[in-house]
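Novice: One structure follows; several queries about it will come next.
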Amino acid sequence: MLLLAALLSLAAPADGFLPMFTTTSISHRDITQRAVLRKTAEVCRAIAAREGRFFSLTIDDNLTADKVLMACSSSKTSFLSTIKFHTALNSVAFSNGAVDLIHYFKPSHHVTDEHLEEGRQLIARGSAAVKASVRRSSFFAGRLTLGSILHPLQDFYSHSNWVELGRTFPYTALFQPDRPLVNLAGPYVPTCKSCIGQNCEDNILPEILQKGLLTTGYFASFWPSKPRGKCSHGGTFDLSSYRSPRGGINKDSIGASHGSLHFKAAALAVDATAELLEDIRMSVGDRNFLRLMGISQASVLCFVIDTTVSMAGDIAQVTRVAFDMIDHRRGTELEPPAYILVPFNDPGFGPVQTTTGADEFKASINRLTFGGGGDIPEMSLSGLLLALTAAPPYSEIFVFTDAPAKDGHLRGIIQALIESTKSTVTFMMTHSGRRWRRSVSRARKDDQLYSDLSGASGGLAINVEKSELHNAMSVIMDASDSAVVTVFQVEWRPRKASGTFPFLVDGSLQNVVAYITGSPSLTFELIDPSRATQTSSQSSGPLGSVTTTGNLRRVSLRNHTGLWQVTVNSKDPYSVKVTGQSSIDFIFNLVEAFEGAHGDFTLKAGRALAGGNTTLAITVTGGDTVKVKEVMLWESSLQTRVDGELKSYGGGTYLVGFTRVPAGDYGVILVGEDSTGSMFHRYASTRLKTSSVSVTAAVNDTSIEPGSTITVPFTVATVSHGQIDTDATGTFLVQANNDQDFPSSSPDSLVIAPRGGGQASGVVTLTAPASAASGSDVTLTILVQNRATSDVNSATLRFSIIAEVQDIYRPVCRTISTSQCTGRSPCSSSTWAFTTSITDEGGSGIHTIEIHQGNGTLNTSTVTGSDGENVTVTYSASCCTETVVLAAVDGAGNVGTCVGQAVSNRAGLVFSVEPWMISKYFLWSSLVVSLLAI
């Protein structure tokens with residue numbers, strides 16, 4: 001990785017539009033966000049029309065996540081939050097941008113060097129995998145794959161001469177492999193002439209433009225080679241552009257060779273991205289598409305359940321309360337977008353069960369069997385590891401157990417996953433006779449592991465009697481509410497008997513709740529902005545109501561705006577967390593710079609390095625009027641604060657640079673100003689750590705084919721003052737783990753020898769079984785510990801399982817009959833019918849047939865003949881709606897679109913058009929159509 005970074009500083013790939021952060025040109029992030037916002041709004045508009053709801057949003061280029069989410073919401077509550085929407089957008093955008101870092105010099109990933117067919121194959125494989133991921137409810141895996149294929153799709157419009165040919169619509173064949181790529185410039189056809197000085201506007205040969213031949217620029221990183229007469233990509237780092245014909249044709253930015261066409265290319269890239277999203281939408285359905293895009297006010301509901309015999313009664317209590325909550329929220333915006341269940345026992349754990357159906361989730365819990373558990377400790381961390389990788393980032397995960405962890409060796413990997421996913425883990429621990437017969441000191445040690453992990457994630461470690469477990473379930477209900485934000489939190493190990501903590505309740509907050517966990521002897525006092533007080537002995541007082549369950553005190557506060565204060569008296573460790581509901585919140589990611597022609601930032605794997613600097617990418621929600629004033633890193637025990645330097649990139653996105661990072665555990669705090677000019681504070685739930693161990697892993701791809709093996713080289717070093725200590729020596733323990741239990745190999749340790757440059761390298765191999773399902777994914781975590789200091793760091797890598805596409809052909813529709821409307825008034829007094837035969841010529845079989853547009857009814861029957869399986873579909877509707885669009889999806893996710901229209905006293909016509917024309921087709925009210933077969 002270090003060698004590659006050095007090479008990149010000398011030469012970078014033809015990496016298309018700027019990846020993420022720019023204020024002068026349009027980046028991949030901008031293109032992706034514009035297309036996602038547009039398509040999401042269109043889907044919400046279609047759903048609203050079917051449900052008879054008014055949709056007020058104008059779909060244009062000025063969309064924001066807040067506007068789209070508000071329009072998509074059926075209830076206009078003040079608690080709408082775009083956190084999950086932004087998290088999904090960021091996942092897609094960072095995956096898109098990572099293509100420039102991972103696939104440095106691969107023409108297929110940037111559609112250069114005439115690699116149109118290779119680029120299309122990448123897009124087709126990835127698109128099929130995205131659809132498979134959605135069908136498996138693996139929405140996060142789908143987002144990562146989606147981002148990776150959007151990069152070559154978007155690059156085509158910057159790296160080819162499509163724009164120069166005068167094309168004003170996307171090239172649909174790029175993501176439809178059953179359509180031919182036509183009119184390509186052959187390998188020996190000259191395409192360019194040298195630029196005149198720095199002016200490259202007319203360097204494409206006139207005969208290429210006249211014949212409409214399609215070509216792309218060539219890029220050479222280390223030597224100026226390209227076929228004779230071919231166009232170059234262009235730019236300082238493209239050595240081929242110094243060889244005749246000199247210059248380039250890229251439109252990556254306004255300062256590029258063809259920079260005057262940058263905005264046209266970007267606009268076409270937005271349209272093409274929206275087209276691909278439309279294809280995915282029609283394949284998976286509207287509701288699943290919105291889940292893929294993160295349109296939800298609720299978190300994924302994730303339960304990790306101990307299934308030893310002593311837990312049967314506990315889970316019965318959990319089931320009663322959880323099922324009531326699920327049923328109460330069914331069909332509302334608080335219904336979880338997905339449900340995840342992970343059982344564990346000893347020695348077994350898993351499998352992960354993921355569904356979008358509440359009834360299926362309830363049935364999975366009811367099917368759990370309880371037994372075993374004789375030796376007390378259980379595989380709780382193994383179950384939690386599966387949950388952390390199965391759930392999307394920023395999830396709420398609840399672990400139910402009455403036993404300590406048998407797999408404590410996974411602690412470091414669990415902590416690494418918590419830091420990378422930003423998920424919140426809450427442990428629900430019940431007292432058990434078998435557990436508490438041990439010594440008190442041993443029990444406290446076992447509990448401390450759970451307490452440390454929950455505290456690092458911003459969760460709670462709740463210890464209750466078995467009979468009281470149902471009372472603690474209020475925590476799950478609180479966390480499952482919409483727009484829950486963290487106002488303050490601290491994990492405290494007191495050096496004296498009392499500690500005082502201030503927190504700010506701003507005007508946007510409602511339903512403010514404080515959670516205090518600690519020993520039974522713990523007491524506290526609250527002081528509100530008016531200096532009124534209430535002690536823990538008052539279950540109901542002027543400042544709020546207090547409920548005590550086990551070691552948890554839940555305080556529901558009166559909404560008094562201003563500076564509050566809580567003083568806690570305890571000699572034992574305790575935690576304080578204050579939450580509320582507000583649309584104002586933020587998410588963050590550690591990022592690091594990479595060099596090259598399009599130098600930018602990418603997600604950082606692992607912890608920030610001690611003594612060095614770090615950068616955060618921040619996204620703030622709550623509307624355009626929210627202003628960020630400060631972002632700081634805060635280490636509470638040492639009272640250390642480091643302020644960051646802010647740079648805005650629009651849309652609530654900031655980069656925040658820090659010249660140093662606090663030692664030990666630290667949190668991220670954002671201070672801002674709302675639309676009224678009032679101050680607010682928000683805490684990131686996840687606590688982070690620094691490390692003096694550097695772990696860098698280099699991968700050649702982020703996908704694995706079933707049955708194949710990949711190698712992951714990694715390098716370990718000791719860091720001093722943010723730089724590799726070239727004189728350092730030592731032994732480092734290595735632990736490589738993957739959540740799918742795929743066969744793998746890795747060294748147990750690495751040794752940095754004297755005169756070794758302060759580094760040591762190793763390789764992890766990972767094999768995906770032939771049975772691995774396309775659309776699934778695997779998370780590999782490489783944990784490295786300095787044996788001398790116990791300091792740890794990690795690299796977490798996620799790989800998508802993507803199989804070769806076997807079926808590229810879309811289902812075909814053939815008209816059988818179309819009846820006509822008589823023109824009688826009112827329209828509801830007459831009906832029409834449309835009958836078509838749908839055949840899947842690719843062989844994977846018809847999977848679903850749905851009404852994409854129209855409000856009639858469908859009847860289907862299946863017949864198997866000499867030409868394969870044929871599905872006969874009859875659609876009937878009133879003459880008030882005379883058009884229907886049917887989406888026929890085969891087993892590979894390919895979509896065939898059938899359009900039928902009833903026309904008075906006219907014979908039906910049959911013709912074919914490109915899918916991009918479908919939306920425009922409905923504007924042509926005078927056009928007579930009985931069937932559109934694609």
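The values are calculated or read from the model by the stated rules, or taken from the named source; none is laboratory data. The model shown is predicted, which means the values in this text are computed figures rather than measured ones. Cβ placement follows ideal geometry from the backbone for every residue including glycine, while neighbour counts extend to all protein chains displayed. Protein only, heavy atoms only, side chains kept; ligands, DNA and RNA dropped before computing areas. Shrake-Rupley method; radii C 1.70, N 1.55, O 1.52, S 1.80 Å.
Novice: May I ask for the Kirkwood hydrodynamic radius of segment 807-853, worked out over all distinct Cα pairs and given in angstroms to one decimal?
Specialist: 13.2 Å
Novice: What nm distance separates the two modelled labels at S837 and S540, each placed 7 Å from Cα along Cα→Cβ?
Specialist: Placing both labels 7 Å beyond Cα along the Cβ direction yields 7.3 nm.
Novice: Per-residue ellipticity at 222 nm for the chain, helices alone: DSSP H runs ≥ 4 residues times -39500 (n - 2.57), over residue total, nearest 500 deg cm²/dmol?
Specialist: -7500 deg cm²/dmol
Novice: Would you mind getting me the FRET efficiency between S556 and R50? Use the beta-carbon distance for r and R0 = 35 Å, nearest 0.05.
Specialist: 0.35
Novice: Distance in nm between label sites at M477 and E645, each 7 Å beyond Cα in the beta-carbon direction?
Specialist: 5.0 nm
Novice: Let me ask something else about it. Mind checking the angle between helix 380-390 and the chain's longest principal axis? C-alpha axes, 0 to 90 degrees, to the nearest 10.
Specialist: 30 degrees
Novice: If you count only protein heavy atoms and use a 1.4 Å probe, how large is the accessible surface of K406, to the nearest 10 Å²?
Specialist: Spelled out: K406, probe radius 1.4 Å, area about 90 Å².
Novice: Would you mind pulling out the separation of the Cα centroids of segment 683-742 and segment 557-584, in Å?
Specialist: First find each Cα centre; the distance between them is then 37 Å.
Novice: Compute the length gained on full extension between S498 and R167: take 0.36 nm times their separation in residues and subtract their Cα-Cα distance, giving the result in nm to one decimal.
Specialist: Contour length minus Cα-Cα distance gives 112.1 nm.
Novice: If each Cα of segment 659-790 is one equal point scatterer, what is log10 of I(q)/I(0) from the Debye formula at q = 0.11, 0.15, 0.21, 0.22 Å⁻¹?
Specialist: Listed by q, the Debye log ratios stand at -0.58, -0.86, -1.17, -1.23.
Novice: Suppose accessible area is computed on protein heavy atoms with a 1.4 Å probe; arrange R125, R558, R495 from highest to lowest.
Specialist: Putting R125, R558, R495 in descending order of accessible area: R495, R558, R125.
Novice: Here are some values of volume of the Cα convex hull per residue in Å³: [x] 193; [y] 184; [z] 168. Which one was computed from this structure?
Specialist: [y]
Novice: Also, quick follow-up: I'd like the isolated cysteines in the chain, meaning no second cysteine's beta-carbon lies under 4.7 angstrom from theirs.
Specialist: C302
Novice: Compute the angle between helix 312-329 and the longest alpha-carbon principal axis of the chain, please, reported from 0 to 90 degrees and rounded to the nearest 10.
Specialist: 50 degrees
Novice: Please list S253, S454, S861, S56 from largest to smallest accessible area, probe radius 1.4 Å, with all protein chains kept in place.
Specialist: Largest accessible area first, the list is S56, S861, S253, S454.
Novice: Please give the FRET efficiency for R411 paired with Q806, using the beta carbon to beta carbon distance and R0 = 45 Å, rounded to the nearest 0.05.
Specialist: The formula returns an efficiency of 0.60 here.
Novice: Roll a 1.4 Å probe over the protein chains and send me the accessible area per residue for segment 569-681 in Å².
Specialist: On a per-residue basis, segment 569-681 sits at 39 Å².
Novice: Next question, about the same structure. For the Cα atoms of the chain, what angle does the longest principal axis make with the long axis of helix 139-159, in degrees from 0 to 90, nearest 10?
Specialist: Between the helix axis and the principal axis of the chain, the angle is about 40 degrees.
Novice: Once you put a point 7 Å from the Cα of T729 and another 7 Å from the Cα of R287, both along the Cβ direction, what distance in nm separates them?
Specialist: 6.5 nm
Novice: Need the C-alpha centroid separation for segment 603-673 versus segment 28-102, integer Å.
Specialist: Taking the Cα centre of each part, segment 603-673 and segment 28-102 sit 25 Å apart.
Novice: Distances longer than 21 Å among the Cα atoms of segment 86-206: what percent of all pairs is that?
Specialist: The proportion of pairs with Cα distances above 21 Å equals 47 percent.
Novice: In segment 874-888, which residues have a backbone nitrogen under 20 Å from the label point lying 7 Å from S861's Cα in the Cα-to-Cβ direction?
Specialist: 874-877
Novice: Largest first, how would K629, K362 line up by accessible area (1.4 Å probe)?
Specialist: Most to least solvent-accessible, the answer reads K629, K362.
Novice: Can you pull the accessible area of F169 for me, 1.4 Å probe, Å² to the nearest 10?
Specialist: 70 Å²
Novice: Oh, and also: Report in % the part of the accessible area of the chain that belongs to carbon and sulfur, leaving out ligands and nucleic acids; probe 1.4 Å.
Specialist: Roughly 51 percent of what the probe reaches on the chain is carbon or sulfur.
Novice: Taking the Cα centre of segment 471-609 as origin, sum charge times position over the Cβ atoms of Lys and Arg (+1) and Asp and Glu (-1), and report the length of that vector in debye to the nearest 20.
Specialist: Charge dipole of segment 471-609: 640 debye, to the nearest 20.
Novice: Okay, next question. Given charges of +1 on the Cβ of Lys and Arg and -1 on the Cβ of Asp and Glu, with all other atoms neutral, how large is the dipole of the chain about its Cα centre, in debye to the nearest 20?
Specialist: 1020 debye
Novice: I've got another one for you. Between Rg and the Kirkwood Rh of segment 247-297, both from Cα atoms, what is the Rg to Rh ratio?
Specialist: Ratio of gyration radius to Kirkwood radius: 1.25.
Novice: So, one more: Just to confirm, what accessible area per residue do you get for segment 77-161 at 1.4 Å probe, in whole Å²?
Specialist: With the other protein chains kept in place, segment 77-161 gives 20 Å² per residue.
Novice: Then there's this: Multiply the residue gap between E207 and D701 by 0.36 nm, knock off their C-alpha separation, and tell me the result in nm, one decimal place.
Specialist: My answer for the length gained is 174.0 nm.
Novice: Grab the beta carbon distance between S678 and R228, set R0 = 45 Å, and tell me the FRET efficiency rounded to 0.05.
Specialist: 0.10
Novice: Distance cut-off 27 Å, Cα to Cα: go down the list K84/K251; K67/K264; K131/K211; K422/K466; K131/K647; K39/K264 and report the pairs above it.
Specialist: Correct reply: K84/K251; K131/K211; K422/K466; K131/K647.
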